[in-house]
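Visitor: For reference, the structure I am asking about is given below.
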């Protein structure tokens with residue numbers, strides 16, 4: 001039977017990237033090593049590896065949860081992970097907009113600012129026009 005830690009480290013590296021995980025591992029201390037082992041084994045090795053949701057859906061859930069709780073460093077990290085997991089810029093935008101209704105407009109406003117910085121840092125171009133700006137709004141069948 002595979003070790004959840006090994007599976008967790010593999011998934012963690014695939015989702016967050018080698019460089020991120022290498023930095024986290026290098027910063028590990030005696031004080032933090034049990035926590036790092038815990039999140040690798042349980043969050044990444046026991047939850048992220050479950051078959052019930054694909055990685056895109058898990059990214060949507062994590063983006064929403066980190067937005068709702070104002071965990072901005074985690075939110076930024078998971079915007080990058082969402083891109084890795086196949087979410088488009090448009091989908092990330094929609095997650096933040098949807099969260100405005102349930103988490104609050106100020107939270108979404110800050111979420112857009114954080115996500116925008118991540119997208120700029122990652123040199124990710126915005127995808128497609130904002131609905132209505134190109135005269136072909138799919139919700140209304142065009143202008």
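Visitor: Looking only at residues that are at pLDDT 85 or above and at negative phi in the stretch 118-133, which one is surrounded by the fewest Cβ atoms within 10 Å (Cβ to Cβ)?
Guide: Looking only at the stretch 118-133, we keep the residues that are at pLDDT 85 or above, and these are 118-125.
If we keep only those that are at negative phi too, we end up with 118-122, 124-125.
Values: 118: 19, 119: 18, 120: 9, 121: 11, 122: 11, 124: 16, 125: 7.
Ranking the candidates gives 125 first.
Visitor: Within the stretch 4-39, track down each residue that is in a loop (DSSP other than H, G, I, E, B) and under 16 Å from the mean Cα position of the chain (by Cα).
Guide: 17 - this is the single residue of the stretch 4-39 that is in a loop (DSSP other than H, G, I, E, B) and under 16 Å from the mean Cα position of the chain (by Cα).
Visitor: For residue 84, state whether it is farther than 21 Å from residue 9 by Cβ, at pLDDT 95 or above and within 11 Å of the chain's Cα centre (by Cα).
Guide: On the way: farther than 21 Å from residue 9 by Cβ: no; at pLDDT 95 or above: yes; within 11 Å of the chain's Cα centre (by Cα): yes.
The answer is no for residue 84.
Visitor: Suppose we filter 99, 59, 46 for residues that are part of a helix (DSSP H, G or I), surrounded by fewer than 16 Cβ atoms within 10 Å (Cβ to Cβ) and touching a helix residue (DSSP H, G or I) at 6+ places or on another chain (Cβ under 8 Å); which single one remains? Outline the logic, then answer.
Guide: Numbers: 99 fails: surrounded by fewer than 16 Cβ atoms within 10 Å (Cβ to Cβ); 59 fails: surrounded by fewer than 16 Cβ atoms within 10 Å (Cβ to Cβ).
One residue alone meets the criteria, 46.
Visitor: Moving on. Does residue 87 meet the test of being in a loop (DSSP other than H, G, I, E, B) and crowded, with 18+ Cβ neighbours inside 10 Å?
Guide: Answer is yes for this residue.
The values are calculated or read from the model by the stated rules, or taken from the named source; none is laboratory data. If you're wondering where the values come from, they're calculated on a predicted model, not measured in any experiment. FYI the Cβ positions are ideal-geometry reconstructions off the backbone, even for glycines, and counts take in every protein chain you see.
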